[in-house]
1. In this structure, is residue 75 over 24 Å from residue 33 (Cβ atoms), β-branched (Val, Ile, Thr) and not in a loop (DSSP other than H, G, I, E, B)?
2. Which one of these does residue 78 not meet: (1) among the β-branched types (Val, Ile, Thr); (2) under 12 Å from the mean Cα position of the chain (by Cα); (3) surrounded by fewer than 12 Cβ atoms within 10 Å (Cβ to Cβ)?
3. If a residue has to be within 15 Å of residue 87 (Cα to Cα) and in a loop (DSSP other than H, G, I, E, B) to count, how many in region 34-48 make the cut?
4. Report yes if some residue within region 93-110 is in contact with a Pro (Cβ under 6 Å, 6 or more places away or on another chain) and free of Cβ contacts under 8 Å to residues at least 60 places away in the same chain; otherwise report no.
5. Mind checking whether some residue in region 1-11 is modelled with pLDDT of 85 or more and among the β-branched types (Val, Ile, Thr)?
6. Answer yes or no as to whether residue 76 is modelled with pLDDT of 85 or more and of a type outside the set (S, T, N, Q).
7. Could you look through region 95-114, keep only residues that are assigned to a helix (DSSP H, G or I) and among the small types (Gly, Ala, Ser), and pick out the one that is nearest to residue 65 (Cα to Cα)?
Amino acid sequence: MARGWTTRPQPRSRMPGTNRWIIRTAETTLAFLLVLRSAANPRAAEILRAGIERHVEKHLTDLLPGRQHADAALTLSVIAGFRLMRTLIGSTELNRAGEDVLRRKLGRVFAVLLAE
C-alpha cells in the first residue's frame, strides 16, 4: 500500500488540531494518484475502498471523537477535491496561497462541514 496510508496519524495531544493531519493527508501524492488510477477498474477500486475505509477513515474517525464514519468519508471527499484542484489541476490560487491561509480556510470549511 502507498506510503502514508498505513501510517497512523499523530495522537491528537501532539497536534495543534486536526488541520495539520488533514493538510498532510491531502499532500500524499502517490496515494492520491493510486485512487484516481484505480477508479476505472472495479476490482482495484473495491480493494482500495476497503483499505481506505479500514485505515484512513478509521484513523480520521478516531481523531474526531463522537463522529461517525460518514463524517470521515465526507471529510476525505473534501480533501480529495482539494488535492485534485491544487496538485493535479494546478489551481493557480490554491498554489499561490500560503499554508497558513489554506489551513485557516480549510479549518473553517471543516468546522461547518462537521457541525451538528
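1. Values: over 24 Å from residue 33 (Cβ atoms): no; β-branched (Val, Ile, Thr): yes; not in a loop (DSSP other than H, G, I, E, B): yes.
No.
2. Answer for residue 78: the failing condition is (3).
3. Residues in region 34-48 being within 15 Å of residue 87 (Cα to Cα) and in a loop (DSSP other than H, G, I, E, B): 0 in total.
4. Filtering region 93-110 down to residues in contact with a Pro (Cβ under 6 Å, 6 or more places away or on another chain) leaves none.
Checking region 93-110: not a single residue is in contact with a Pro (Cβ under 6 Å, 6 or more places away or on another chain) and free of Cβ contacts under 8 Å to residues at least 60 places away in the same chain.
5. Initial filter on region 1-11 (modelled with pLDDT of 85 or more): none.
No, that holds for no residue.
6. Details: modelled with pLDDT of 85 or more: yes; of a type outside the set (S, T, N, Q): yes.
Taking the combined requirement at face value, the residue satisfies it.
7. 111
Condition check ((1) aliphatic (A, V, I, L, M); (2) in contact with a Gly (Cβ under 8 Å, 6 or more places away or on another chain); (3) assigned to a loop (DSSP other than H, G, I, E, B); (4) surrounded by 13 or more Cβ atoms within 10 Å (Cβ to Cβ)) across all residues:
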position	(1), (2), (3), (4)
32	no, no, no, yes
51	no, no, no, yes
59	no, no, no, yes
67	no, no, yes, yes
93	no, no, no, no
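The values are calculated or read from the model by the stated rules, or taken from the named source; none is laboratory data. Note that the coordinates shown come from a computational prediction; the quantities given were computed from them, not determined experimentally. Reconstructed Cβ throughout: ideal geometry from the backbone, glycine too, with neighbour counts over all protein chains shown.
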